[in-house]
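The values are calculated or read from the model by the stated rules, or taken from the named source; none is laboratory data. All of these numbers come straight from a predicted model, not from anything done at the bench. Neighbour counts are summed over all protein chains in view; Cβ atoms, including those assigned to glycine, are modelled from backbone coordinates with ideal geometry. Remember, those area values only see protein heavy atoms, side chains included, never the ligands or the DNA or RNA. Shrake-Rupley method; radii C 1.70, N 1.55, O 1.52, S 1.80 Å.
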Amino acid sequence: MTITILGIETSCDETAASVVVDGREISSNVISSQIDIHSKFGGVVPEEASRKHLETINAVIQEALDEAGITFKDLDAVAVTYGPGLVGALLVGVSAAKSLACALDVPLLAVNHLEGHVSANFLSFEHIEFPVLCLVVSGGHTDLVIIKKHGVYEAVGSTRDDAAGEAFDKVARVLELGYPGGPVIEKAARCGNSDTVHLPRAYLEEGSLDFSFSGVKTAVINYTHKLFQNGEALSKENLAASFQKAVIDVLVDKTMDAAVKYSIHTLMLAGGVAANTELRRSLSTKAVEEGLKLFYPPPVMCTDNAAMIACAGYYKFLKKDYAPLTLNAVPGLELGNEKY
Ligand code: KG4
Ligand code: ZN
């Protein structure tokens with residue numbers, strides 16, 4: 001017997017629905033992005049996001065079913081992101097999923113968005129041995145997490161201020177490169193030299209596995225202002241490359257330190273920033289040097305999508321870890337601290 005799960009994701013600025021069979025086979029993966037709407041503001045406008053999710057969700061779900069060649073009656077469960085994220089945005093997905101689960105009389109599976117990002121690896125690779133150390137790097141999070149088995153997490157490091165993706169977005173705004181910042185910084189950096197601008201790397205106290213990116217962001221802003229005041233020309237490419245390297249150096253070093261500290265031999269990357277080619281390359285090089293295995297999903301599975309939510313939901317389905325129909329959105333939800 002196969003298990004067919006509809007995943008729904010509306011935590012930020014993507015309205016997404018996907019049908020996944022047996023936790024690995026993606027039958028459809030529909031993503032309706034709101035980038036056009038938010039890019040003119042240089043960031044996500046929460047009210048606009050909720051309204052757009054509401055307008056789009058039904059059509060996106062229908063498209064996911066059509067692409068998979070199934071109807072509602074073929075679904076065994078509905079999985080949905082219930083946090084963390086923007087509360088108004090999350091509520092649209094949660095309400096849609098609850099209505100469907102109730103009407104179809106199938107289990108409702110409540111998925112933490114970060115667990116979804118992590119699961120993009122399980123979707124892409126069949127054999128990943130536990131324990132795994134995962135660097136989750138997105139627009140809202142920079143976390144080092146040990147995964148002991150499906151659904152069992154221990155956070156060992158986190159950002160104390162800006163998330164890595166947030167820093168990319170803010171620096172891109174200062175350099176007037178567009179939104180979201182990650183892909184445009186990566187593109188500009190390809191034409192730049194990362195050794196040209198000296199930027200700080202915050203390693204914090206000795207042995208700390210926490211991150212801090214506000215310092216490097218402020219250094220970029222100060223550098224830009226100084227050049228402007230002196231009437232000197234700014235090479236956005238060189239600055240983008242130097243900034244990207246400063247962030248990646250810290251991400252890679254701390255991940256390797258955590259692997260040594262906790263004697264873990266398998267690494268994973270997850271979240272939107274994991275789509276970054278330089279981060280993937282840099283961590284791969286270190287992992288090979290140290291004899292560690294490294295997994296990362298294809299770029300489209302790193303950024304927000306609903307296939308990863310359906311995959312995370314599949315493991316909850318196997319454990320009969322069903323959510324009640326009273327499920328609410330939890331904007332500040334933490335990994336491993338389920339609230340339903
Ligand atoms: O995981 P995600 O799609 O949404 C959140 O859960 O936040 O991550 C979005 C973040 C944004 O900050 C975006 O700038 C960043 O991921 N991002 C990247 C790249 N692609 C997306 N950062 C660096 N390099 C990229 N290629
Ligand atoms: Zn995300």
Name the pairs: first residue in segment 313-327 and closer than 12 Å to V94 by Cα, second residue part of a loop (DSSP other than H, G, I, E, B), Cβ to Cβ under 7 Å, at least 6 apart or on different chains? A323/Y340; P324/Y340; L327/Y340
Among the residues of segment 144-161, is there at least one that is at pLDDT 95 or above, farther than 23 Å from L267 by Cβ and either touching a strand residue (DSSP E or B) at 6+ places or on another chain (Cβ under 6 Å) or assigned by TED's automatic domain parsing to the domain that holds V247 (or both)? yes
Within segment 181-198, residues being part of a loop (DSSP other than H, G, I, E, B), open to solvent by less than 40 Å² (accessible area, probe 1.4 Å) and either within 16 Å of ligand 1 (Cβ to nearest atom) or outside the structural domain of D161 (by TED's automatic domain parsing) (or both) number 2
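Go through V80, V44, V30, V60 for me and flag whichever is within 16 Å of ligand 2 (Cβ to nearest atom) and either more than 22 Å from the chain's Cα centre (by Cα) or more than 16 Å from V111 (Cβ to Cβ) (or both). Steps first, please.
Numbers: V80 fails: either more than 22 Å from the chain's Cα centre (by Cα) or more than 16 Å from V111 (Cβ to Cβ) (or both); V30 fails: within 16 Å of ligand 2 (Cβ to nearest atom); V60 fails: within 16 Å of ligand 2 (Cβ to nearest atom).
Exactly one of V80, V44, V30, V60 is within 16 Å of ligand 2 (Cβ to nearest atom) and either more than 22 Å from the chain's Cα centre (by Cα) or more than 16 Å from V111 (Cβ to Cβ) (or both), namely V44.
Output the residue which, of all residues in segment 224-246 that are small (G, A, S) and either in contact (Cβ under 8 Å) with a residue 12 or more places away in the chain or within 23 Å of A164 (Cβ to Cβ) (or both), is most open to solvent (accessible area, probe 1.4 Å).
S235
Taking segment 199-214 as the region of interest, how many residues are open to solvent by 70 Å² or more (accessible area, probe 1.4 Å) and either outside the structural domain of Q244 (by TED's automatic domain parsing) or not acidic (D, E) (or both)?
Adding up the residues that qualify gives 2.
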Which number in (1) modelled with pLDDT under 95; (2) open to solvent by less than 60 Å² (accessible area, probe 1.4 Å) marks the one condition that L294 misses? (1)
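Counting only residues that are within 15 Å of ligand 2 (Cβ to nearest atom) and not acidic (D, E), which one in segment 1-27 is nearest to P331 (Cα to Cα)?
Residues of segment 1-27 that are within 15 Å of ligand 2 (Cβ to nearest atom), as a first pass: 7-16, 18.
Narrowing further to those that are not acidic (D, E): 7-8, 10-12, 15-16, 18.
Numbers: G7: 18, I8: 16, T10: 12, S11: 9, C12: 11, T15: 17, A16: 18, S18: 22 Å.
Applying the filter and picking the extreme gives S11.
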Among the residues of segment 110-133 satisfying the criterion of being in contact with a Ser or Thr (Cβ under 9 Å, 6 or more places away or on another chain) and over 18 Å from E9 (Cα atoms), which is farthest from ligand 2 (Cβ to nearest atom)? E129
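Counting only residues that are hydrophobic (A, V, I, L, M, F, W, C) and within 16 Å of ligand 1 (Cβ to nearest atom), which one in segment 64-91 is most open to solvent (accessible area, probe 1.4 Å)?
Restricting to residues being hydrophobic (A, V, I, L, M, F, W, C) and within 16 Å of ligand 1 (Cβ to nearest atom), the top hit is V87.
Would you call L251 open to solvent by less than 20 Å² (accessible area, probe 1.4 Å) and more than 14 Å from the chain's Cα centre (by Cα)? Give the derivation first.
Numbers: open to solvent by less than 20 Å² (accessible area, probe 1.4 Å): yes; more than 14 Å from the chain's Cα centre (by Cα): yes.
Spelling it out, L251 is indeed open to solvent by less than 20 Å² (accessible area, probe 1.4 Å) and more than 14 Å from the chain's Cα centre (by Cα).
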